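Engineer: Questions regarding the structure given below will be posed in turn.
The values are calculated or read from the model by the stated rules, or taken from the named source; none is laboratory data. Please read these numbers as outputs of a predicted model, since none were measured by experiment. Counting neighbours? That spans all protein chains shown, and the Cβs are built from the backbone with ideal geometry, glycine included. Side chains are part of the model used for accessible areas, which takes the heavy atoms of the whole protein and leaves out ligands, DNA and RNA. Shrake-Rupley method; radii C 1.70, N 1.55, O 1.52, S 1.80 Å.
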Amino acid sequence: MTADECLAALRKSWYPDREWAFLPQVANATGGRYGRTADAIALNCWPSRGMELHGFEVKCYRGDWKRELEAPEKAEAIAQYCDRWFLVVPDEKIVKPEELPPTWGLFVVGEDGKPAQVKPAGKLEPKPFSRGFVAAVLRAAQKEEGIPRSEHQRLM
């Protein structure tokens, strides 16, 4: 299962459009301040549900996950703005339970294509959004609306 398939399953099952704004490939900033990208973010749009921002890192192979563990600061570039942060994997063997950072949640997308929340994410204390992050979120929304990839890359 690919990262895109994992995110599509997660979006369909846990983050429906009527309640959540779900955007794949969101950077921490634009231009010269761009440094890291989350595989996806989801913002709850209903005030009655807290309007939380969730961030996602997808790892499809054990080696990829091990590289993430060697540089934990990579996730912080976007996790700092999130209320919750999740690892998403297609196979629970990719991550050992003791390797998961204490505040990270875990979704496993089974062979049936249905994601199960194996571990809930702890509540984080998010920083206020920077203008650079807001610009990156809006850029990701443009991509979702069909702005050509070449134009998007030129603007980065």
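Engineer: Looking at the range 51-73, can you tell me whether even one residue there is under 21 Å from Tyr15 (Cβ atoms), modelled with pLDDT under 95 and of a type outside the set (S, T, N, Q)?
Structural biologist: At the first step, the residues of the range 51-73 found to be under 21 Å from Tyr15 (Cβ atoms) are 51-60.
Keeping just the survivors that are modelled with pLDDT under 95 gives none.
No: the range 51-73 contains no residue that is under 21 Å from Tyr15 (Cβ atoms), modelled with pLDDT under 95 and of a type outside the set (S, T, N, Q).
Engineer: Another question, then. Would you pick out the residues in the range 46-63 that are within 20 Å of Glu99 (Cβ to Cβ) and free of Cβ contacts under 8 Å to residues at least 24 places away in the same chain?
Structural biologist: Going residue by residue through the range 46-63, those that are within 20 Å of Glu99 (Cβ to Cβ) are 55-63.
Correct list: Gly63 only.
Engineer: Since Val95 meets every condition but one in (1) in contact (Cβ under 8 Å) with a residue 60 or more places away in the chain; (2) open to solvent by less than 20 Å² (accessible area, probe 1.4 Å), which condition does it not meet?
Structural biologist: (1)
Engineer: If we scan the range 11-18, do we find a residue that is of a type in the set (Gly, Ala, Ser) and without any contact (Cβ under 8 Å) to a residue 60 or more places away in the chain? Let's see the steps before the verdict.
Structural biologist: Of all residues in the range 11-18, those of a type in the set (Gly, Ala, Ser) come to 13.
From what is left, the residues that are without any contact (Cβ under 8 Å) to a residue 60 or more places away in the chain are none.
Within the range 11-18 (the criterion being of a type in the set (Gly, Ala, Ser) and without any contact (Cβ under 8 Å) to a residue 60 or more places away in the chain), the answer is no, since none of the residues qualifies.
Engineer: Which ones in the range 74-84 are among the basic types (Lys, Arg) and at pLDDT 95 or above?
Structural biologist: Going through the range 74-84, the residues among the basic types (Lys, Arg) turn out to be 74, 84.
Matches in the range 74-84: Arg84 only.
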